[in-house]
Amino acid sequence: MVPCYNEEENVIQMHDALTELFRTKLEAYDYEFLFIDNKSTDRTRELLRGICEKDQKTKAIFNMKNFGQFNSPYYGITQTSGDCTIPVCCDFQDPLELIPMMIQKWEEGNKVICMVKTSSKESSLMYFLRGVYYKLIHAMSNVDQIQQFTGFGLYDRSFVEVLRQLKDPTPFIRGIVAEYAPDHLEIAYEQPQRKAGRTHNNFFTLFDAAMLSFTSYTKGGLRLATFGGFAISALSFLVALIYLILKILYWDRFGAGSAPILIGVFFFGGLQMFFVGLLGEYIMSVNTRVINRPLVIEEERLNFKEDK
């Protein structure tokens, strides 16, 4: 299963590389390739149409609009029909040469296999920040999170069926695997750079990913607001009491001064805004789930049986 968004430089090479892999190293297995396009604005869909016309083992789903970096791949996994499903990024950052090893481990009885990055050829700063983020989520979550796991791995059909039944409108596959596949197998690998094109991640998409995992799998934000609010209230009372005593004892010095009050107002006002924003992230996450919108709305699908 290959999720795509503006991958015109990679989509044909990805199809050819997967075909060659199964022709030379996995010839004993039947297979299908499913590309799900998240409303690309380049020639990705045009190229996928050409691939599907030439190769009946390749399927494609075209989304009606861009449904985000989590919904589209998750939906793609649930639309596969094989005995197992292997999602891979179209930018070649998920090494295809690891697929035979994953299939071997699956044949040995492992239902879910998670490929975990122990190093990466991406920015060293970005890799470090990701590591800090995973450690923070791991420490605050009531579910043992899988550090440096992006979703690349192998999922047995039985686990894919679990994903179909969850009906989560904002699925976070990394947390779901950690929660519902506790006996998964972890295998380390080094993540290469993109083969072509440029990444579509930016500060906002990364922040969205962080907040989704934070609000879905931790109570830390709510607890921080509770304890922080209590601490601020106690501190405010203490400051007020001290300032009152100083006013009484040293009226000439503190009688006309307003600086401490202004500093306190701005300081505590800023903290209140922070906690209101944090609580808003939780409320927004709850609201999205209550609305229960569909994961993806399809515009078109190619080479599925119902199309014939």
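The values are calculated or read from the model by the stated rules, or taken from the named source; none is laboratory data. Remember, it's a predicted structure, so these values are computed and weren't measured experimentally. Every residue, glycine among them, receives a Cβ derived from its backbone with ideal geometry; neighbour counts consider all protein chains shown.
Do you know which of the residues in segment 287-308 that are within 17 Å of the chain's Cα centre (by Cα) and over 18 Å from Leu48 (Cβ atoms) is modelled with the lowest pLDDT?
Across segment 287-308, the extreme among qualifying residues is Thr288.
Which condition does Met126 not pass, out of (1) at pLDDT 95 or above; (2) surrounded by fewer than 18 Cβ atoms within 10 Å (Cβ to Cβ); (3) more than 19 Å from Leu185 (Cβ to Cβ), if it passes all the others?
With (1) at pLDDT 95 or above; (2) surrounded by fewer than 18 Cβ atoms within 10 Å (Cβ to Cβ); (3) more than 19 Å from Leu185 (Cβ to Cβ) applied to Met126, the lone miss is (1).
Hey, can you tell me all the residues within segment 58-76 that are over 22 Å from Asp30 (Cα atoms) and of a type in the set (S, T, N, Q)?
Asn63, Asn66, Gln69, Asn71, Ser72
Pairs please, first residue from segment 64-85 and within 24 Å of Leu98 (Cβ to Cβ), second anywhere and assigned to a helix (DSSP H, G or I) and small (Gly, Ala, Ser), Cβ atoms under 9 Å, 6+ apart in sequence or on different chains.
Qualifying pairs under 9 Å: Gln69/Ala209; Phe70/Ala209; Thr85/Gly76.
Given the criteria of a type outside the set (Lys, Arg), in contact (Cβ under 8 Å) with a residue 40 or more places away in the chain, farther than 26 Å from Arg157 by Cβ and assigned by TED's automatic domain parsing to the domain that holds Pro73, does Glu7 qualify?
yes
Picking from Thr24, Thr41, which residue would you name as being of a type in the set (Val, Ile, Thr) and either surrounded by 14 or more Cβ atoms within 10 Å (Cβ to Cβ) or closer than 24 Å to Gln69 by Cα (or both)?
Testing whether each residue is of a type in the set (Val, Ile, Thr) and either surrounded by 14 or more Cβ atoms within 10 Å (Cβ to Cβ) or closer than 24 Å to Gln69 by Cα (or both) leaves just Thr41.
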